[in-house]
Amino acid sequence: MLRTACFILAGLLATLSACQDDFGCGGATCPFAEPSHHALVNGVVVDELDRPIAGAFTSVTMSEPGGAGAPTDATGRFTVTVERDKTPTAPDTLRGWVRAAKELAPPPGSTTRPVVRDSVTVLVHLRPSTDPPIASEVLIRLAIGP
């Protein structure tokens with residue numbers, strides 16, 4: 001038990017020593033630091049008749065693990081902030097997916113609520129977190145008819 005605690009402590013100290021700030025964590029290599037770059041994805045989710053869909057859940061995922069999401073408002077609009085750490089050799093522009101899903105009311109006589117979903121690709125333009133983000137715009141049309 002004591003040996004396991006020592007290994008955990010040694011691992012934590014090694015992680016914190018990787019930070020480049022002399023006053024503790026906060027340097028570029030610190031695992032607890034804020035992401036170095038960001039971008040915005042703005043969009044609208046509509047039905048087959050181009051009517052806005054409120055309450056749809058949207059998410060943005062990139063080629064890297066992780067993602068962020070937001071529900072649509074009463075006008076079908078959403079904004080998702082994408083945050084990433086970027087190395088000097090990594091590209092400024094990444095391709096990602098924007099997904100939207102909406103749970104519908106169950107059909108008469110059923111308790112199962114169907115979910116309608118779709119996705120589109122998006123180019124995300126990363127900028128340093130100290131600069132204003134660049135926004136990418138998307139439109140997602142869900143197969144919800146009258």
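The values are calculated or read from the model by the stated rules, or taken from the named source; none is laboratory data. Every value quoted in this text rests on a predicted model; they were computed, and no experiment measured them. Reconstructed Cβ throughout: ideal geometry from the backbone, glycine too, with neighbour counts over all protein chains shown. The area values use the complete protein model at the heavy-atom level, side chains included, leaving out ligands, DNA and RNA. Shrake-Rupley method; radii C 1.70, N 1.55, O 1.52, S 1.80 Å.
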Legend entry - Selection status of LYS86, at negative phi, in contact (Cβ under 8 Å) with a residue 24 or more places away in the chain and assigned to a loop (DSSP other than H, G, I, E, B): yes
Inset, instruction - Can you tell me which residue among VAL98, VAL122, VAL115 is under 12 Å from ALA39 (Cα atoms) and either free of Cβ contacts under 8 Å to residues at least 24 places away in the same chain or open to solvent by less than 60 Å² (accessible area, probe 1.4 Å) (or both)? - result: VAL122
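Could you tell me whether any residue of the stretch 38-53 is of a type in the set (Lys, Arg), open to solvent by 50 Å² or more (accessible area, probe 1.4 Å) and part of a loop (DSSP other than H, G, I, E, B)?
yes
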Inset, instruction - May I ask you to verify whether THR72 is under 25 Å from VAL115 (Cα atoms) and surrounded by 15 or more Cβ atoms within 10 Å (Cβ to Cβ)? - result: yes
Inset, instruction - Filter the stretch 81-92 for residues that are surrounded by 12 or more Cβ atoms within 10 Å (Cβ to Cβ) and either at pLDDT 95 or above or hydroxyl-bearing (Ser, Thr, Tyr) (or both) and give the result. - result: THR81
